[in-house]
Amino acid sequence: MSGFDRVLRGGTVVTATGVREADVAIRGERIAALGRDLPPGREEVDVRGRILTPGGVDPHCHIEQLAATGLYNADTFETATRAALAGGTTTVIPFAAQHRGMSLREVVEDYHARAARGAMADYAFHMIVTDPRPEVLEEELPPLVRAGHASLKVFMTYDRLRVDDEQLLDVLAAARAHGCLVCVHAENHGMISWMRKRLVARGYLAPKYHGVSHPRAAEAEAIQRLAVMSAFLDQPVMVFHISTREGLRAFARARADGVKIFGETCTQYLLLDARDLDRPGVEGAKWICSPPLRGPEDRKALWDALATGLLDCVSSDHAPYRMDETGKLARGPNPGFHEIANGLPGIELRLPLLFDAALEGRHIDLPAFVRLTATAPARIYHLPAKGDLTPGADADIVVWDPEVTWEIPEGPRFDDAGYTPYAGRRLRGRIRTVYRRGEPVVVEGEVRAAPGSGRFLPRTGGEAARPLGRPAPEFDPARNFGAELL
Ligand code: URP
Ligand code: ZN
Ligand code: ZN
C-alpha cells in the first residue's frame, strides 16, 4: 500500500520551472510524490484535462486593518481569506498596522487574535511601522522578528503614516541588525501634498484628480532615494506596488547597480486604467488606490518587467472599502478625491485574472504565472513549505478547468467590499477545487474551510541579522561611506 491519502491523477502540473503531466500524491498535509503512474491512494481524484498550480501566496493585502483615519477596511480575516481561498490563494501576508503612539508589540498581538479567530488561509504578518521611536526599534522589534515576523512596511508618504528620511534610516538599520526585510510604499510625500493642496484650492475635486495628485515622478524619486539608502546601509528592501514606467526605470537602475532590491506590482496596475476614475459623480471612488491607476504605456512596461523577471511578484494590495458611509463615503456622500479612502478589493481575483492572461499567452506564460503569484513570494518572504508543487511542500493546490470561460459578475463576491473593479470581464480558466494542506477547502465555488482554521506561519531563519557597529578594519575615509563605522 502506498500510504498516500489522496492521489490527484492525470493532470497537468505547472511549477515556476515548467509544465508536465504528472500525478500528485498527498500524505497528511504535504505533497508526498509527483510522477507518472503513482501507486493508488486511499482516495483517487481524476484531474485529467485539468491544470494544477500551487496555491497562491498573496504577499501584500490589507485585512481587518485599522486606517489612520479610524476606519477599518471592509473585510474581516474571515471574509478576506474566504475570498482568497475562493480565488486559489491559500497563503496571505497582511499587515499588523502600528499607528503613531501605539506599541508595536500590542498591535501584533491584536492582529494575531483577529487572525486566529477568522483566518481560513494560512498567514504571516508584515509589521507596519509608523512610529519608529527608540523603544519600538530597540525593545519591541527584536523579539517580534525572533517570533517569526521577518518583514515590515514603512510609508514614505501619507500624512499620518509616513517616516521621514532619518526615520527610514533608523528602520533600515534596525532591520539590518535583526534580520528583517523592509517593504516600502515609495512615493515622494512633498510632491503629492503640494499637488493635492493646489488641486483642492482650485476646486478640482472629482475622483479622477486623485491620479493627478500623485505625480508619476513622485514614485521614481522615492524609489531612487530608497535605493540609495538601502545601498548605504546594505539592507535589502522590497518596493511595493510599482505603477509607472519611471518607477520601473529607477528600480531597474538600482538592480543594475547591485542594490539588494526586490519589486512587486499589483493586478490593478496591470489591468486597470486611470480613465476608470473618470465616471459620473463619485462612482470613480471605487477605483481610487495609491499609487493611482496609470496608462497603457505603464501597463506594457509592467508586463514586460514581469516577463523578463525584473519584477519579482504580483500582489493584490487588497484594501477594500465599501461604497457607503463605512468606507469610501465616510466623509459624506460627495467627498473630494482627497477625502476618499484609498484601496481596491482584489484578493479573490488576482489569480483568476493572471491565470487567464497566462493561459491565453498574453505577456506571461503559465510557469511565470506560478513564479509571480506563488513561488517567488514564498521564497522572498521565507515561507519554505509554500508556493511550489514538490515533495515535502504543503499540499496547497489549485485545480483549474482551462476549458471554461466565464464572466466576472457585479457581485456579491466572497469578500465584503460590495463591488469588484473587474466586473464584466471574461476570463478563461475556472477553479474547480482548492486544497489547503491536503484538504479540499473550495469545491465548485463552495468554500468549506472553517474560520480560524488558517495557520500562522512564523518566518524564522530569513534575513541574516547583521548589526552595524563593527568598525570595518580597513576603513578608508576617501570612500565616504561611513555606515560601516556606526
Ligand atoms: O490604496 C491602497 N493601496 N491602499 C492600501 C495602502 C497601501 O498603500 O498599500
Ligand atoms: Zn502602500
Ligand atoms: Zn497596500
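The values are calculated or read from the model by the stated rules, or taken from the named source; none is laboratory data. These figures come from a predicted structure and were not determined experimentally. Here Cβ is always computed from backbone atoms with ideal geometry, including for glycine, and neighbour counts include all displayed protein chains. For the accessible areas, the whole protein counts, side chains as well, though only heavy atoms, and no ligand, DNA or RNA atoms are used. Shrake-Rupley method; radii C 1.70, N 1.55, O 1.52, S 1.80 Å.
A compact table of results
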quantity: Pair list, Cβ < 6 Å and 6+ apart or interchain, from the stretch 62-73 residues that are under 19 Å from Phe240 (Cβ atoms) and touching a residue at least 60 places away in the same chain (Cβ under 8 Å) to residues that are away from ligand 3 (no atom under 11 Å from the Cβ) and open to solvent by 40 Å² or more (accessible area, probe 1.4 Å); calculated: Ala68/Arg160
quantity: Any chance Gly101 is assigned to a loop (DSSP other than H, G, I, E, B), in the same structural domain as Gly11 (by TED's automatic domain parsing) and in contact (Cβ under 8 Å) with a residue 24 or more places away in the chain; calculated: no
quantity: Residue in the stretch 199-211 that is of a type outside the set (S, T, N, Q) and within 17 Å of the chain's Cα centre (by Cα) present; calculated: no
quantity: Set Ala301, Ala307, Ala358, Ala330: member being within 14 Å of Glu264 (Cα to Cα), out of contact with any Lys or Arg (no Cβ under 9 Å at 6 or more places or on another chain) and either assigned by TED's automatic domain parsing to the domain that holds Glu219 or not charged (D, E, K, R) (or both); calculated: Ala307
quantity: Residues satisfying the stated conditions in the stretch 259-273, i.e. open to solvent by 20 Å² or more (accessible area, probe 1.4 Å) and either in contact with a Ser or Thr (Cβ under 6 Å, 6 or more places away or on another chain) or among the hydroxyl-bearing types (Ser, Thr, Tyr) (or both); calculated: Val259
quantity: Scan of the stretch 300-355 for residues that are farther than 23 Å from Asp58 by Cβ, among the charged types (D, E, K, R) and in a loop (DSSP other than H, G, I, E, B), ordered by number; calculated: Asp324, Glu325, Arg331
quantity: Selection count, the stretch 274-299, where residues are in a helix (DSSP H, G or I) and open to solvent by 10 Å² or more (accessible area, probe 1.4 Å); calculated: 9
quantity: Scope the stretch 366-392; condition buried (at least 21 other Cβ atoms within 10 Å of the Cβ), within 22 Å of Ile26 (Cα to Cα) and of a type in the set (A, V, I, L, M, F, W, C); matching residues; calculated: Val370, Ala374, Ala378, Leu383, Leu389
quantity: Helices (runs of 4 or more DSSP H) wholly inside the stretch 170-246 containing at least 3 residues that are more than 20 Å from Ile288 (Cα to Cα) and open to solvent by less than 10 Å² (accessible area, probe 1.4 Å); calculated: 216-233
